[in-house]
1. Sort all Cα-Cα distances of the chain into consecutive 10 angstrom bins from zero, then give the percent of pairs in each bin up to the one containing the longest distance.
2. List the residues, sorted by chain then number, that are 5 or more residues from Arg32 or on another chain and whose placed amide H is less than 5 Å from its amide H.
3. By count of other Cβ within 10 Å, fewest leading, how are Ser63, Ser51 ordered?
4. For Tyr41, Tyr90, which order do you get if you count the other beta carbons within 10 Å of each Cβ and list the fewest first?
5. By how many nm would the segment from Leu13 to Arg114 grow when fully extended, if each residue of separation counts as 0.36 nm and the alpha-carbon distance is taken off?
6. Once phi is turned into ³J(HN,Hα) by the Karplus curve 6.51 cos²θ - 1.76 cosθ + 1.60 with θ = phi - 60°, what whole-Hz value does each residue of region 62-69 show in order, with x for glycine and proline?
7. Compute the length gained on full extension between Ala43 and Ala6: take 0.36 nm times their separation in residues and subtract their Cα-Cα distance, giving the result in nm to one decimal.
8. Give me P(r) over region 22-71, computed from all C-alpha to C-alpha distances, binned every 5 Å, as integer percentages.
Amino acid sequence: MAKSEAFDRLTELAAALFGAPIALITVLDQDRQWFRSNRGYDADQTTRDESFCAHMVGGPAGSTMVVEDATLDPRFQDNGLVTRDGVRFYAGAVITTADGAQDGAVCVIDTAARPAPTAA
């Protein structure tokens, strides 16, 4: 999947705002999670089964999800991104287009558990 300079600026901004080492813009298909923009993670894709973002896609527009410590969350504690790659914290927002389609999310990830971000 082609990378985008504009998306790369968004992931840089998200990582900086959250002080997170990883920020992604993801796109999901039936089997995979592709990274349209990737800051700090050494892969271009994962399986959809490993995707945290897939838990939001299809929900209400503007859906967000925060996982403070993935090792304590039954949805993710056995996930390869947690057991293999050390993901602990995840904060994401589903991307909803003007026509209501959802096929991905923007997210920040850390290898350290942390509290949910404040409204500020």
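Since every read-out is calculated from the coordinates, none of them should be taken as a lab result. Everything quoted here is computed from the prediction, not taken from an experiment. We place every Cβ from the backbone using ideal geometry, glycine too, and count neighbours over all the protein chains shown.
1. Taking all Cα pairs of the chain, the binned fractions are 14, 49, 33, 3 percent.
2. Here Arg48 satisfy the definition.
3. Ser63, Ser51
4. Tyr41, Tyr90
5. Gain on extension, Leu13 to Arg114, equals 34.5 nm.
6. The phi angles translate into x, 4, 10, 8, 10, 10, 6, 8 Hz.
7. That pair, Ala43 and Ala6, stretches by 11.4 nm at full extension.
8. The percentages, shortest bin first, are 5, 19, 26, 28, 19, 3, 0.
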